[in-house]
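Below is one structure, written out as structure tokens; comments come after it.
The values are calculated or read from the model by the stated rules, or taken from the named source; none is laboratory data. Please read all numbers here as calculations on a predicted model, not as lab measurements. Every residue, glycine as well, gets a Cβ built from its backbone with ideal geometry; the counts of neighbours run over all protein chains shown. Protein only, heavy atoms only, side chains kept; ligands, DNA and RNA dropped before computing areas. Shrake-Rupley method; radii C 1.70, N 1.55, O 1.52, S 1.80 Å.
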Amino acid sequence: KKIDVKGPIIFNDYKWIYDLFDSDSTCPKDVEEALEEADGEDVEVHINSGGGYVDAGSEIYTILKDYSGKVDVKIVGLAASAASVIAMAGDNVQISPTAQIMIHNVSSGRYGDYKDMEHESSVLKNYNKSIANAYMLKTGMEQGELLELMDKETWLNAQQAKEYGFVDEIMFDEGNQLVASKDNL
């Protein structure tokens, strides 16, 4: 069973708008329904998304991690922001040699006085740590190292993603020709 994670990662309530305009989008309900239909059989998740709402991405990650069958993830274009978190849910994660992963800090829109802004800053920092948990479980990297990469808005090509442990394999690289060196990271 193939599940597409394409377009923006959105809340369930927003799905009808994207469907109305026949635009790609992915919400938690899409993934939940596909997994119910798969009924424990292995699934293959294809990702090409620039990300979206962190809460919706977190929910999709959790739904996939909790699934009883095997979850293979293939990053076929871009797994950025919330989509990069979803990619970490795979039992086996592959990336196309032409694809990228992007990780960065969580962002939000807020208004109010300086107390509101200070509070929002602490909320965002805490959310960054929550998101880093998914990366830590996949890569084995330390939280501080991941938060530093997130601070920089880090874009990873296939070799870098494999070197850091965000993916297990580079698709079509049977001869292991695409090898990254630490100097290129």
Residues of segment 1-49 being hydrophobic (A, V, I, L, M, F, W, C) and within 18 Å of residue 89 (Cβ to Cβ), which ones? 3, 5, 9, 10, 27, 31, 34, 35, 38, 43, 45, 47
When only residues in segment 63-74 that are within 25 Å of residue 13 (Cα to Cα) and in contact (Cβ under 8 Å) with a residue 12 or more places away in the chain count, which is surrounded by the fewest Cβ atoms within 10 Å (Cβ to Cβ)? 65
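Specify the residue that is nearest to residue 171 (Cα to Cα); the eligible residues are those in segment 15-47 that are touching a helix residue (DSSP H, G or I) at 6+ places or on another chain (Cβ under 9 Å) and open to solvent by 90 Å² or more (accessible area, probe 1.4 Å).
24
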Only listed residue being touching a residue at least 24 places away in the same chain (Cβ under 8 Å), open to solvent by less than 10 Å² (accessible area, probe 1.4 Å), touching a strand residue (DSSP E or B) at 6+ places or on another chain (Cβ under 6 Å) and not aromatic (Phe, Trp, Tyr), chosen from 77, 57, 50: 57
Quick one: in segment 160-185, which of the residues that are open to solvent by 50 Å² or more (accessible area, probe 1.4 Å) and among the polar types (S, T, N, Q) is modelled with the lowest pLDDT? 184
Between 43, 31, 54, 73, which is modelled with pLDDT of 95 or more and under 24 Å from residue 163 (Cβ atoms)? 73
Among residues of segment 126-159 being of a type in the set (S, T, N, Q) and assigned to a helix (DSSP H, G or I), the residue surrounded by the fewest Cβ atoms within 10 Å (Cβ to Cβ) is 126
Run residue 92 past the list (1) polar (S, T, N, Q); (2) crowded, with 18+ Cβ neighbours inside 10 Å; (3) under 17 Å from residue 139 (Cβ atoms) and report the number of the one that doesn't hold. (2)
